[in-house]
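Engineer: Quick one: this structure, given as structure tokens, is what I'll be asking you about.
The values are calculated or read from the model by the stated rules, or taken from the named source; none is laboratory data. As the structure is a computational prediction, the values presented were derived from the model and not from experiment. With ideal geometry, Cβ positions are generated from the backbone for all residues, glycine too; neighbour counts draw on all protein chains shown. Just so you know, the surface numbers come from the protein's heavy atoms only, side chains and all, with ligands and any DNA or RNA stripped out. Shrake-Rupley method; radii C 1.70, N 1.55, O 1.52, S 1.80 Å.
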Amino acid sequence: MTFEPMNLPFETNALEPYISARTMTFHHDKHYKKYIETLNVLMAKSVLSYDSLKETLIKSHDIDIAIYQNAAQAWNHEFYWKCLSPAKLQPTNKVLETLEEQFGSVQEFKENFNQAALTLFGSGWVWVIGNMNGDIEIKGLENAENPLTSGQVPLLVCDVWEHAYYLDYQNDRTKYMSQFWEILNWKFFEKNIVASKTHNIHTLKGGQNEIRAGL
């Protein structure tokens, strides 16, 4: 199949002053779309065929590293766009309850997340992940790595590749992370927390292979 790039869920200037229109244009139109274009070229030359971007990244992980890396980077970016919102949202009651249970407080959660971002060497992504036992963890993964390949459920992500923030903050990842919380889509986070609990119950009945198949 041929993959089509996802449009941003907001205008390129909607996240200003936290992320500039210039950064969003370069990030979406140059970096992200390049992953889609490269993936389509690779898939056209491959005998592999999948029904979705998610299935492609999961199933190609142990088969074709180039396809996996481009599929994962494309999927990671699409998930990241959804984690951002131009509206000044606050944590929902469900999110507050979950974070207090798992981390002690929202502030503790933010500090742990920021620490993971600042200590991730080089490029990568900082994920909030739902595990099979219902626990939530924060994990920094290098380059294109994605928790779906380990049977975990992505709940939230922050892009810490330098192209996500360099035009606005140069190499100041600390400042970028402080601004990330101003544009976080807490409603999307809540949606994923709720969905992960249902997903885990279903998977416990159906087996681990259902996660790896992207079902």
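Engineer: Nothing charged except the Cβ atoms of Lys and Arg (+1) and of Asp and Glu (-1): what's the magnitude of the dipole of the stretch 55-152 about its Cα centre? Round to the nearest 20 debye.
Structural biologist: Taking the Cα centre of the stretch 55-152 as origin, the dipole is about 340 debye.
Engineer: Say the dipole of the stretch 99-181 comes from +1 at the beta carbon of Lys and Arg and -1 at that of Asp and Glu; which of Asn112, Ile136, Trp181 then lies farthest toward its positive end?
Structural biologist: Highest projection toward the positive end goes to Trp181.
Engineer: Computing the accessible area with a 1.4 Å probe over protein heavy atoms, can you report the carbon and sulfur percentage for the stretch 42-92?
Structural biologist: Solvent-exposed carbon and sulfur of the stretch 42-92 make up 52 percent of the total.
Engineer: Report, by chain and number, residues whose modeled amide H sits under 5 Å from the one on Leu84, excluding near sequence neighbours (fewer than 5 apart, same chain).
Structural biologist: Here the answer is Asn185, since their amide H atoms fall under 5 Å of that of Leu84.
Engineer: Evaluate E = 1/(1 + (r/R0)^6) for Ser52 and Asn143, where r is the Cβ-Cβ distance and R0 equals 25 Å; express this FRET efficiency to the nearest 0.05.
Structural biologist: Here the calculated transfer efficiency is 0.70.
Engineer: Calculate for the chain the 222 nm mean residue ellipticity that helices alone would give, adding -39,500 (n - 2.57) per DSSP H run of length 4 or more and normalising by residue count, nearest 500 deg cm²/dmol.
Structural biologist: -14500 deg cm²/dmol
Engineer: Counting pairs of alpha carbon atoms under 8 Å apart in space and at least six apart in sequence, what relative contact order in percent does the chain give?
Structural biologist: It rounds to 23 percent for the chain.
Engineer: Take each of the peptides 84-91, 173-180, average the number of other beta-carbon atoms within 10 Å over its residues, and list them starting from the highest.
Structural biologist: 173-180, 84-91
Engineer: Give, rounded to the nearest 20 debye, the magnitude of the charge dipole that the chain has about its Cα centre when Lys and Arg contribute +1 at Cβ and Asp and Glu contribute -1 at Cβ.
Structural biologist: 300
Engineer: I'd like the accessible area for Val194: 1.4 Å probe, protein heavy atoms, all chains in place, Å² to the nearest 10.
Structural biologist: Accessible area, nearest 10 Å²: 70 Å².
Engineer: Now, a different point. Work out from phi, with θ = phi - 60° and the Karplus expression 6.51 cos²θ - 1.76 cosθ + 1.60, the ³J(HN,Hα) of each residue of the stretch 88-104, listed in order in whole Hz, and give x for Gly and Pro.
Structural biologist: Working through the residues one at a time gives 7, 8, 10, x, 6, 4, 5, 5, 4, 4, 5, 5, 5, 5, 8, 10, x Hz.
Engineer: Can you tell me the equivalent ellipsoid semi-axes for the stretch 51-122? Use √(5λ) from the Cα gyration tensor, largest first, whole Å.
Structural biologist: Semi-axes from the Cα gyration tensor: 30, 16, 13 Å.
Engineer: Need one number: nm distance between label points at Thr2 and Glu111, each 7 Å from Cα along Cα→Cβ, rounded to one decimal.
Structural biologist: 5.2
Engineer: Express the accessible area of the chain per residue in Å², computed with a 1.4 Å probe while the remaining protein chains stay in the model.
Structural biologist: Counting only protein heavy atoms, the per-residue value for the chain is 48 Å².
Engineer: Express in Å², to the nearest 10, the accessible area of Phe3 obtained by rolling a 1.4 Å probe over the protein heavy atoms while all chains stay in place.
Structural biologist: Phe3 exposes around 10 Å² with every protein chain in place.
Engineer: For the stretch 96-146, what class follows from the C-alpha gyration tensor (a ≥ b ≥ c being the square roots of its eigenvalues): rounded when a/c is under 1.5, otherwise prolate if a/b is larger than b/c, else oblate?
Structural biologist: Oblate.
Engineer: Take each of the peptides 147-156, 96-105, average the number of other beta-carbon atoms within 10 Å over its residues, and list them starting from the highest.
Structural biologist: So the order, starting with the most tightly packed, is 147-156, 96-105.
Engineer: How large is the translational diffusion coefficient of the stretch 121-180 in µm² per second when you combine the Kirkwood radius over alpha carbon pairs with Stokes-Einstein at 10 °C and 1.306 mPa s?
Structural biologist: Translational D for this selection: 129 µm²/s.
Engineer: Next question. Determine how large the accessible area of Lys59 is when every protein chain is in place; take a 1.4 Å probe and give Å² rounded to the nearest 10.
Structural biologist: About 80 Å², ignoring ligands and nucleic acids.
Engineer: What are the extents of the Cα atoms of the stretch 30-160 along their three principal axes, in Å, largest first?
Structural biologist: Rounded to whole Å, the extents work out to 50, 33, 28 Å.
Engineer: Next up: If you average the C-alpha positions of the stretch 47-84 and of the stretch 144-200 separately, how far apart do those two centres end up, in angstrom?
Structural biologist: 16
Engineer: So, by mean Cβ neighbours within 10 angstrom, what's the order for 22-28, 75-81 with the highest one leading?
Structural biologist: 75-81, 22-28
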